[in-house]
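In what follows, a structure is listed as C-alpha cells, so that the remarks can point back to it.
The values are calculated or read from the model by the stated rules, or taken from the named source; none is laboratory data. Bear in mind that the values here come from a model prediction, so they are computed numbers and not experimental data. Positions of Cβ are backbone-derived with ideal geometry, glycine not excepted, and every protein chain shown enters the neighbour counts. SASA here: full protein model, heavy atoms, side chains in, ligands and nucleic acids out. Shrake-Rupley method; radii C 1.70, N 1.55, O 1.52, S 1.80 Å.
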Amino acid sequence: MAGLKITTLKKSFGRNTILQNISFEVSDGEFCILLGPSGCGKTTILRIIAGLDQCDKGEIFIGDREVSNLTPKERDVAMVFQNYALYPHMNVYENMAFSLKIKKLSKTKIDKKVRKAAKLLDIEDLLDRKPRELSGGQRQRVAIGRAIVRNPRIFLFDEPLSNLDARLRSTMRVELARLHQKLGTTMVYVTHDQVEAMTLGDKIVLLDKGVIQQIGPPQKLYKSPSNLFVATFIGGPQINLIEGVLDADKNKFLFRAGSLIIDLSSRSGLKKYLGLKVTIGIRPESLMPADGPFLGSLEVVEHIGSETILYVKTVNGRIIAKASPIFQRKTGDKISLALRTPDVHLFYKGIRI
Amino acid sequence: MNAAIRCELRVARCGFKKIMMKLSKLIFCGVTFVIVFMSLLPFIWFVNTSLKTQAEVTAIPPTLAPSGSLHFYHSAIVKYDLLHYVKNSAIVAGATTFITLFISILSAYVLARLRLKYKGLIMGSLLLVSMFPQISIAGPVWKIMQSLGWLNSYQGLIIPYVTLTLPLGVWILTIFFKELPKELEDAARIDGCNRIQTLYKIVVPLAAPGIFTAAILVFIYAWNEFFFALLIMTQRKFQTLPIGIALFQGQYTLPWGEIAAASTVATVPLVLLVFLFQKRIVRGLSAGAVKG
Ligand SMILES: Nc1ncnc2c1ncn2[C@@H]1O[C@H](COP(=O)(O)OP(=O)(O)OP(=O)(O)O)[C@@H](O)[C@H]1O
Ligand SMILES: [Mg+2]
C-alpha cells in the first residue's frame with residue numbers, strides 16, 4: 001500500500017497534446033476518481049501510472065519512490081481493464097494465479113491466495129471455467145480477482161463497470177465500495193459516469209480535454225464548482241445556467257436578465273463585477289414551484305417516483321426544477337418557480353466568483 | 001374462389017422455391033465432389049498402384065482393385081533404401097520448420113507491435129523477396145553454398161529453405177499477432193511479464209492457430225521441394241525424398257510400383273499432419289478475452 005503523487009505530467013501523441021500539466025495527489029488508502037467526458041485522457045493517465053505508456057514530462061511517485069522510469073513490473077500496481085482483458089487460454093484459476101506464478105511463488109501459497117480472493121469475490125464455483133464461459137459480470141469479478149490476489153501497492157480501474165447493465169452496475173458499485181473498505185488499498189478509478197464518481201470517491205479529479213478542471217471531494221465539486229464545465233458536468237438533471245448582468249439596488253446586489261431579477265443579498269465581494277456580464281447557475285433542487293421570479297409554462301413533467309422533474313419554458317430559456325412526488329399540474333400549465341435556498345452559483349467568464 | 005386460386009398459386013410457388021433450393025444444394029454438392037475427386041485422383045491412383053502386385057501393375061486391361069499386397073513397400077525399403085530418404089527429408093523439413101518459425105515469431109511480433117519506422121517498407125520487401133522465381137536465385141545460392149563448403153550437407157539445404165519460407169511465416173504471423181487484443185499484452189506486463197515472457201506465455205498460445213498454419217505450410221514446402229534439393233544434394237547420403245524417388249528410375253528400369261509406394265509414404269505424413277492439426281487451425285480461440 002502506498003500513496004500516489006503526480007506532478008506536471010504532460011503527454012502528446014504526435015502533434016496532439018493529450019495531457020497538460022496534470023498534477024494531483026492520492027493519499028494512502030484513498031479512493032480517487034478520474035472523471036471526465038470520453039476522450040479527455042483518463043485512460044492515458046492510468047496507463048502512464050501503470051507504466052504501460054511513457055509520459056513526455058512530469059514525475060510519478062508511488063509511496064516516496066519516483067517510478068517514472070520503472071517497468072510496470074517494478075511499479076507493482078494492478079490494473080483492471082475496461083474490457084477485462086482476461087487471458088482466454090487460461091481458466092479462471094490460472095488467470096488469477098498468473099501474476100503469482102510469474103513472481104515464482106510456491107504452489108501452496110498461490111493456491112491459498114487465489115482461493116481467498118475467489119471467496120471474497122464469490123467466484124469459487126467458476127475457478128475451472130474459461131473466460132468465454134462467463135457472463136459479463138462474472139468476467140468483471142475475475143478481472144478484479146486477478147488484481148487483488150497480487151496485493152499491489154495501488155489499484156487502477158479503467159471504467160470497470162461500463163460494460164455492465166444498469167442493475168449489475170449498481171450491485172457491483174456497492175461491492176467495490178465494500179472491497180475498498182476491506183482492503184484499504186489506494187485506488188485510482190476512471191469513469192465518465194458521475195453517479196459512480198459521486199458515490200464511490202473520496203476524491204474526484206475532474207478532467208476535460210486533458211486539463212484538470214477541479215480536484216476535491218464529491219460534495220465540494222457539487223456545492224462549489226470552480227468553473228462552468230464542472231458545474232454542468234456534475235449533477236443530474238443539469239444545472240440551470242442563465243446569462244445576465246450584475247446590478248445593484250441601494251446596498252443590495254441583484255442579478256438581472258431581462259425581466260428576471262434575482263436577489264443576491266446573501267453574497268458579498270461582488271463589487272468589482274458590478275455592471276459586468278455574469279452567468280448564474282441554479283441547481284434544479286434549489287428551485288420549487290411557488291411564487292417567485294421565474295414565470296413560465298410546464299413543458300414536460302417527469303414523475304420518477306421519489307420526485308418529479310419539471311421542465312419549464314421561460315423567457316430565459318428552459319429551466320429545470322424539482323418538485324415533490326405528489327406534484328399535480330400538467331403540461332401546458334402556467335407555473336412560477338421560487339428559489340428554495342439562496343445558494344446560487346455565479347460565474348464570470350466561465351470561472352466561479 | 002379468387003382467394004383459393006391465389007392460395008394454390010402460393011403453394012405452388014412455395015413448392016417451386018423448395019425444389020430450387022434442393023436443386024442448388026445438389027449442384028453445389030456435385031461440383032464440390034467433382035473438384036475433390038479431381039484433386040484426389042493422382043493420390044488415389046498411386047496409392048492404388050502401390051498396393052498391387054508386379055503382375056497387376058503391367059496387366060492389360062489394367063486391374064482396378066489392387067490385391068492389397070505390400071510387396072512394393074517392402075522392395076522400396078529394402079532395394080531402394082526408402083527410409084534413408086525419409087530420414088533426410090524429416091531432418092531437413094523439421095529443422096527448416098523449427099528455425100523458420102522461431103525467427104518468424106520474433107520478427108512478426110516486432111512488426112506487429114513495436115512502433116517502427118518503415119514498417120510498410122519492410123513488409124513490402126518481404127513480399128517482394130518471396131516473389132523471386134527460384135531459378136533466378138539458384139545460381140547464387142549454389143555458389144554461396146559451394147564457397148561455404150556446404151554442398152551436400154543438411155545446413156546447405158536448410159538455410160536456403162529457411163530463407164525462402166521466412167517471408168511466408170513472417171507474413172502469416174504478423175497478421176495473426178496484429179489481430180490479438182492488445183490489452184492482453186498490457187495485462188501481462190502489469191502482471192509482471194517482460195516482453196519475452198509476454199510473447200511466449202500469452203501471444204504464442206493465443207496465436208497457436210496461426211503458428212500451426214505457418215508451420216504446416218513451411219513443412220510442406222520443405223518436404224516437397226525438388227529444385228534446390230537436386231542442385232545442392234548430389235550425394236545419396238544427403239538426398240531428400242523427392243530426389244530419392246526421382247532417382248529410383250534407372251537407365252533401363254522404371255520401378256513403377258516402388259515409386260508409387262514411396263510416393264504414398266511421402267504423402268501420408270503430410271495428410272496426417274493436416275488432419276491432426278485441423279482442429280487447432282480453427283479460429284476463435286481468443287473469444288471471451290475481451291468484451292464483444
Ligand atoms: N496510441 C494513441 N495514439 C494517438 N492518440 C491516442 C492514443 N491513445 C489515445 N489517444 C488519444 O488521446 C485522447 C485521450 O484518450 P483516452 O483513451 O485517454 O481517453 P479516455 O478519457 O479514456 O476516453 P474514454 O472515456 O472514451 O475511454 C483521445 O483523443 C485519443 O484519440
Ligand atoms: Mg478510456
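Between A:V245 and A:E302, full extension at 0.36 nm per residue minus the direct alpha carbon distance yields a gain of 17.3 nm. Between chain A and chain B, roughly 2200 Å² of accessible surface gets buried, counting both sides and using a 1.4 Å probe.
For segment B:2-50, the equivalent ellipsoid derived from the alpha-carbon gyration tensor has semi-axes of 46, 6, 4 Å in decreasing order.
Projected onto its three principal axes, the C-alpha set of chain B covers 90, 70, 35 Å, listed from the longest axis down. If you look at the Cα atoms of segment B:1-154, you get an Rg and a Dmax of 29.2, 95 Å. Of all stretches in chain B that contain no chymotrypsin sites (Phe, Trp or Tyr not before Pro) in a DSSP loop with at most 14 other Cβ atoms within 10 Å, the longest one is B:1-117. Per-residue mean of foreign Cβ neighbours for A:77-84 is 5 (Cβ atoms of other chains, 10 Å radius).
All Cα-Cα separations within segment A:30-118 were binned at 10 Å from zero, giving a P(r) of 13, 36, 34, 15, 1, each value a whole percent of the pairs. Shielding by partners for peptide B:192-204, expressed as the average number of C-beta atoms from other protein chains within 10 Å of each residue's C-beta, is 3. When segment A:25-181 is described by a simple charge dipole with +1 on each Lys and Arg Cβ and -1 on each Asp and Glu Cβ, the residue from A:I45, A:L35, A:I123 located farthest towards its positive end is A:I123.
For segment A:215-353, the gyration tensor built on C-alpha atoms gives an oblate shape. Its axis ratio a/c (a ≥ b ≥ c) is at least 1.5, and a/b is not larger than b/c.
With all protein chains in place and a 1.4 Å probe, the accessible surface of the protein assembly as shown carries 62 percent carbon and sulfur. Please report the base-10 log of the normalised intensity I(q)/I(0) for segment B:5-92, using a Debye sum with one equal scatterer per alpha carbon and no solvent, at each q in 0.16, 0.23 (1/Å). Computed log10 I(q)/I(0) values: -0.85, -1.08. Taking label positions 7 Å along the Cα-Cβ direction at both B:M123 and A:L276, the computed distance is 5.5 nm, reported to one decimal.
Beyond 12 Å, the tail of the calculated P(r) for segment B:61-102 holds 70 percent of the Cα pairs.
Residues in segment B:2-50 average 92 Å² of solvent-accessible surface per residue, probe 1.4 Å, ligands and nucleic acids excluded.
Annotation: extensible slack from B:L114 through B:F37 equals 23.1 nm (criterion: 0.36 nm per residue apart, minus Cα-Cα distance). For chain A, taking the reciprocal of the average inverse distance between every pair of different Cα atoms yields a Kirkwood hydrodynamic radius of 22.9 Å. Extending 7 Å from Cα along the Cβ direction at A:D128 and again at B:M21 yields two label points whose distance is 4.1 nm. Radius of gyration over Kirkwood radius for segment A:247-291, both on Cα atoms: the Rg/Rh ratio is 0.97.
Counting, for every residue in A:64-73, the Cβ atoms of other protein chains within 10 Å of its Cβ and taking the mean gives 2. Both the radius of gyration and Dmax for the protein assembly as shown are 37.3, 128 Å, in that order, over alpha-carbon atoms. Extending 7 Å from the Cα toward the beta-carbon at both A:T7 and A:S135 defines two label points whose distance is 4.9 nm.
Note on A:T17 and A:Q54: with the Förster distance fixed at 22 Å, the Cβ-Cβ geometry gives a FRET efficiency of about 0.90.
Once the C-beta distance of B:L230 and B:S67 is scaled by a Förster radius of 41 Å, the resulting FRET efficiency is 0.75 to the nearest 0.05. Summed over the residues of segment A:46-119 and divided among them, the accessible surface reaches 47 Å² per residue at a probe radius of 1.4 Å. The residues neighbouring A:T8, those whose beta-carbon lies less than 10 Å from its own, together hold a net charge of +1 under the Lys/Arg +1, Asp/Glu -1 convention. Heavy-atom accessible surface of segment B:85-222, averaged per residue, reaches 46 Å², computed with a 1.4 Å probe. Identify, among B:H84, B:V11, B:I27, the residue whose Cα sits farthest towards the positive end of the charge dipole of chain B, taking +1 on the Cβ of Lys and Arg and -1 on the Cβ of Asp and Glu, with the dipole about the Cα centre. Value: B:V11. In a fully extended conformation the segment linking B:I103 and B:V274 would gain 59.3 nm over its present Cα-Cα distance, using 0.36 nm per residue.
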